[in-house]
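Enquirer: I have a structure I would like to understand better, so I am pasting it below and will then ask my questions one at a time.
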There are 2 protein chains.
Amino acid sequence: MSGTEQEAQGPLAGITVVGLEQAISAPLCTRHLADLGARVIKVEAPGFGDSTRAYDSVVGGMSAHFTWLNHGKESAALDLKSAPDMSIFRNILATADVVVSNLAPGALDRLGIGTRDLSRNFPRLIVVDISGYGKGGPLDHKRAYDLLIQSEGGSCSITGAPGHPAKPGIPVADVGTALYAYSAVLAALYDRERTGRGAVIPIAMLDTVAEMMGFALNQVIHAGTEPVPVGMGSPMIAPYGAYPTSDGQTAVLGTTNDREWRRLAEMIGRPELADEPRYAHNDNRVEARDELDAVVGAWCAEHTLAEIQKTADAAGIGNARLNSVRDLAEHPQLVERGRWREVGTPTGPVPALLPPAVADGWPVRSGAVPALGAHTDAIRAEFA
Amino acid sequence: MSGTEQEAQGPLAGITVVGLEQAISAPLCTRHLADLGARVIKVEAPGFGDSTRAYDSVVGGMSAHFTWLNHGKESAALDLKSAPDMSIFRNILATADVVVSNLAPGALDRLGIGTRDLSRNFPRLIVVDISGYGKGGPLDHKRAYDLLIQSEGGSCSITGAPGHPAKPGIPVADVGTALYAYSAVLAALYDRERTGRGAVIPIAMLDTVAEMMGFALNQVIHAGTEPVPVGMGSPMIAPYGAYPTSDGQTAVLGTTNDREWRRLAEMIGRPELADEPRYAHNDNRVEARDELDAVVGAWCAEHTLAEIQKTADAAGIGNARLNSVRDLAEHPQLVERGRWREVGTPTGPVPALLPPAVADGWPVRSGAVPALGAHTDAIRAEFA
């Protein structure tokens, strides 16, 4: 393939990915592979399909989750428990480059397509096997949803308010696992290009969350202190948080070191606090968090958000607006930078964001969200 | 390089990565590249270094964050504002494969090594340029920390309790950006292997958070309803949440569909609720959330965590324990699966987790955490 042709098609043009997938982790992984030009064949159970199809019907009959995660894919409704459909499925595997699965523990083995079988029969195949808890250990049989893994993984215990743990709204366990799966596929494609060999890559959602908890784990292991959730603040620095403004909005700002604290104190017209020895160091300010939050909050309550942000920018103090999801949907930083594109659905085009990381010059595929089994006939004919 | 040698060294053996990096996003990206065998040269400002070095000193004098993110790297303390050090730096670039930067907006341009300059002078180089808000738009000059981006990106507005937004404890904006940067480098390495060309990849933290908010964005755009944070629960399904047990622990469990609800009602000895028409469908149960939480909570309060989990497993109801960070550090699922390794530090070995996604047969590099400038002399000599 010439460089020009490839540039028009994305770096993964020519790569075929099979998704034995549902919910979030595997579908987001394969969607990003599709974004870069791979052909993604999503294999779904006839009649039901991916469980997220039924979550709601807000996007012209399709769900908010399914639409987010599945554009640019082909949907093949195949019954892998039937011999004829399994025969077609194995023919797909024979030409595929990548399989990504997040079916229930043991499901692949029961279908006779466990990872060992796959790598023996298709040595160039890259197989990603996503599970909740990995193989071995006391929990490897257990169901795994995002909330459950975030609970087991300690993520909820450092989120929320003291005594009131909360689940992060972004499904961190699912999304993080998707991105580890996505990067593992790319590493394996690079490796295969040079060695000719495929790969089997097991990924456990618990391991993903544990990795992301690395800073908190080190704190507990080495200092022996359990981090406490402090709402919008940080357990490790102060003052930092969200403060109501005079025009009914919420400003988010704070300090990340002692120099910034002195600038902040001057900025809010309290230069005497900048010189106060008992606030000089961050550890003292963390102890005096409530006191300092009251001071910063009092100043914010007397200014509009625009005034606060202009003043903080000039003083070199990081600041932001506490946005709703609606605010994000209309965020000028997304609109003015052309981050929205359109993708098709069975009932017409809908807005979708461009993927976050695309090199200059790489085209992004903007294919449609498939109805359940929309490509079954074509795929049966192609792989009969 | 032969296949055998490569297997012993990891798939990225022979790749050199330069990190112009601090805090979390770029360092986690380059650490994962090091995990797979790449050589990572971390360029730090003499005297100060990466800002996370000063966060605390709990790990034998190094900080919890820095230790998490920087093992397996070489630290070169170079003053890029001095001509002799910049000359050495450009010699490093001439042999490097990848540069990952998350310096402040405009910093690379001011150093004369903006992305255009780099791709013109080093056409095989892969350049990742991480920023808070990308180029263009009203906010592209602004400081960007995890809390600020999560606030702008709506992530905090769907986390916490109603009226009490909270920042997810895991720094989702930073970690997510790290993983998009990591995968983009791998995609670009694969592309370069076939085309011979490098790549320039801009990544904005706001775009990362917006991608992860895709389900919530679709809900707002298409249904017009703003998701509300509900603590440990889900705004979209019920009952689901965290419930105190009779032995002073907290069980997390719930239902993901109508069939599971009927099983759950029977499991807690309330089969009449399974047949109650006003609880038959999820949307009705979401409205009756408080009522159903009370019923599930009452049952959990009369059973130990072990009883609850055994019963729920048998009934096919997903369940977990609400763990602290200490619980995670001692989690049998990590210990029994051999997920802990040791990495070096200037004051001795410390435990570190294996990376979440490694193919069977790929070795993982477990290099040491470098003291500031530990490799400066060697790198000066090598690239003089």
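The values are calculated or read from the model by the stated rules, or taken from the named source; none is laboratory data. Remember, it's a predicted structure, so these values are computed and weren't measured experimentally. Using ideal geometry, Cβ is built from the backbone for each residue, glycine included, and neighbour counts are taken over all protein chains shown.
Enquirer: So which of A:Ile158, A:Ile221, A:Ile237 is within 23 Å of B:Tyr243 (Cα to Cα) and in contact with a helix residue (DSSP H, G or I) (Cβ under 7 Å, 6 or more places away or on another chain)?
Expert: A:Ile158
Enquirer: Only one of (1) over 21 Å from the mean Cα position of the chain (by Cα); (2) under 24 Å from A:His32 (Cβ atoms); (3) crowded, with 18+ Cβ neighbours inside 10 Å is not met by A:Gly361, so which one is it?
Expert: Only one criterion is unmet by A:Gly361, namely (3).
Enquirer: What is the number of the single condition among (1) more than 10 Å from every other protein chain (Cβ to nearest Cβ); (2) part of a loop (DSSP other than H, G, I, E, B) that A:Met232 does not meet?
Expert: Failing condition for A:Met232: (1).
Enquirer: Then there is this: So, in the range B:171-189, how many residues would count as being in contact with a Gly (Cβ under 8 Å, 6 or more places away or on another chain) and aliphatic (A, V, I, L, M)?
Expert: 4
Enquirer: So which residues in the range B:143-154 are touching an Asp or Glu at 6+ places or on another chain (Cβ under 7 Å) and more than 7 Å from every other protein chain (Cβ to nearest Cβ), if there are any at all?
Expert: Across the range B:143-154, the qualifying residue is only B:Asp146.
Enquirer: Here are the criteria: (1) part of a strand (DSSP E or B); (2) under 26 Å from the mean Cα position of the chain (by Cα). Tell me which single one B:Gln219 does not satisfy.
Expert: It fails just one condition, (1).
Enquirer: What number of residues in the range B:177-203 are touching a Ser or Thr at 6+ places or on another chain (Cβ under 6 Å) and more than 7 Å from chain A (Cβ to nearest Cβ)?
Expert: Count: 2.
Enquirer: Which of the residues belonging to the range A:359-379 are under 19 Å from B:Leu206 (Cβ atoms) and either within 7 Å of another protein chain (Cβ to nearest Cβ) or among the hydroxyl-bearing types (Ser, Thr, Tyr) (or both)?
Expert: If the condition is that a residue be under 19 Å from B:Leu206 (Cβ atoms) and either within 7 Å of another protein chain (Cβ to nearest Cβ) or among the hydroxyl-bearing types (Ser, Thr, Tyr) (or both), then A:Ala359, A:Asp360 are the ones that fit.
Enquirer: Quick one: in the range B:35-49, of everything that is modelled with pLDDT of 95 or more and within 13 Å of chain A (Cβ to nearest Cβ), which residue is nearest to B:Ile149 (Cα to Cα)?
Expert: Here the answer is B:Asp35.
Enquirer: Ok, one more. In contact (Cβ under 8 Å) with a residue 60 or more places away in the chain, within 30 Å of A:Ala298 (Cβ to Cβ), touching a helix residue (DSSP H, G or I) at 6+ places or on another chain (Cβ under 6 Å) and part of a loop (DSSP other than H, G, I, E, B): is that true of A:Pro227 in this structure?
Expert: So A:Pro227 passes the test.
Enquirer: Please state which one of B:Ala301, B:Ala210 is among the small types (Gly, Ala, Ser) and within 7 Å of another protein chain (Cβ to nearest Cβ).
Expert: Criteria check complete, one pass: B:Ala210.
Enquirer: From the list B:Phe48, B:Phe66, which residue is surrounded by 22 or more Cβ atoms within 10 Å (Cβ to Cβ), in contact with a helix residue (DSSP H, G or I) (Cβ under 9 Å, 6 or more places away or on another chain) and under 24 Å from B:Val343 (Cβ atoms)?
Expert: None of the other options fit; the residue is B:Phe66.
Enquirer: Still on this structure, please answer the following. For residues in the range A:109-134 being facing another protein chain (nearest Cβ under 9 Å) and modelled with pLDDT under 95, which is farthest from the chain's Cα centre (by Cα)?
Expert: A:Ser119
Enquirer: Looking for something modelled with pLDDT of 95 or more and acidic (Asp, Glu) - is there at least one such residue anywhere in the range A:61-76?
Expert: yes
Enquirer: Here's something else I'd like to know. Could you give every pair whose Cβ atoms fall below 7 Å, whose first residue belongs to the range B:155-170 and is facing chain A (nearest Cβ under 7 Å) and without any contact (Cβ under 8 Å) to a residue 60 or more places away in the chain, and whose second residue is in a loop (DSSP other than H, G, I, E, B) and of a type in the set (Lys, Arg), counting only separations of at least 6 or pairs across chains?
Expert: Once the first residue is facing chain A (nearest Cβ under 7 Å) and without any contact (Cβ under 8 Å) to a residue 60 or more places away in the chain and sits in the range B:155-170, its partners that are in a loop (DSSP other than H, G, I, E, B) and of a type in the set (Lys, Arg) give B:Cys156/B:Lys167.
Enquirer: Within the range A:130-178, work out how many residues are surrounded by fewer than 24 Cβ atoms within 10 Å (Cβ to Cβ) and acidic (Asp, Glu).
Expert: Of the residues in that region, 1 qualify.
Enquirer: Within the range B:288-384, which strands (runs of 3 or more DSSP E) (wholly inside it) include 1 or more residues that are touching a Lys or Arg at 6+ places or on another chain (Cβ under 9 Å)?
Expert: B:319-321, B:350-353
Enquirer: Output the residue which, of all residues in the range B:60-100 that are within 24 Å of the chain's Cα centre (by Cα) and more than 14 Å from chain A (Cβ to nearest Cβ), is nearest to B:Asp50 (Cα to Cα).
Expert: Among them, the one singled out is B:Ser75.
Enquirer: OK, next. Do we find that A:Ile126 is crowded, with 24+ Cβ neighbours inside 10 Å and either in contact (Cβ under 8 Å) with a residue 24 or more places away in the chain or of a type outside the set (Lys, Arg) (or both) in this structure?
Expert: yes
Enquirer: Let me ask something else. I'd like the full set of residues that are among the small types (Gly, Ala, Ser) and surrounded by fewer than 19 Cβ atoms within 10 Å (Cβ to Cβ), limited to the range A:214-252.
Expert: Result: A:Ala223, A:Gly224, A:Ser246, A:Gly248.
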